[in-house]
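Following: one structure in structure tokens, then a few remarks.
Read-outs throughout are calculated quantities, based only on the coordinates presented, and are distinct from any laboratory measurement. Bear in mind the structure is a predicted one, so any value in this text is a computation, not a measurement. Don't worry about glycine lacking a Cβ; one is built from the backbone with ideal geometry, like all the others, and counts go over all protein chains shown.
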Amino acid sequence: MNNPKPLSPAAQAVLDAFRKQPGDRSTLAAALRAAAAQIAAEEVPPHLTGDVYWPWRNGRATAEEHLLAIATELEGTNG
């Protein structure tokens, strides 16, 4: 799939790594979405409570959002 603009450095790095293996961008995007789903579904470690829990949760949400953004960019879609 052709993108009218260059990929971000993050998406380009993922695509460059993927190009070492057979497949296409949609396959790679699906893999990233699956990884994001795993991050979202991860259970809270029992030792994380109170002030320690929120940074962990926010970091996990940020990682998931970044993976989904890269997947969307690789698919050439806007949402």
- Query: Once the Cβ-Cβ distance between residue 38 and residue 5 is put in as r, and R0 is 22 Å, what FRET efficiency do you end up with, to the nearest 0.05?
  - Reply: 0.15
- Taking K and R as +1 and D and E as -1, what net charge do the other residues with C-beta under 15 Å from the C-beta of residue 39 add up to? -1
- Ranked output for segments 50-58, 62-70 by mean other Cβ atoms within 10 Å, highest leading, reads 62-70, 50-58
- Item | Check: region 9-75 dipole with +1 on Lys, Arg Cβ and -1 on Asp, Glu Cβ, in debye | 180
- So for region 9-75, taking the charge dipole from beta-carbon charges (+1 Lys/Arg, -1 Asp/Glu), which of 47, 26, 71 sits furthest toward the positive end? 26
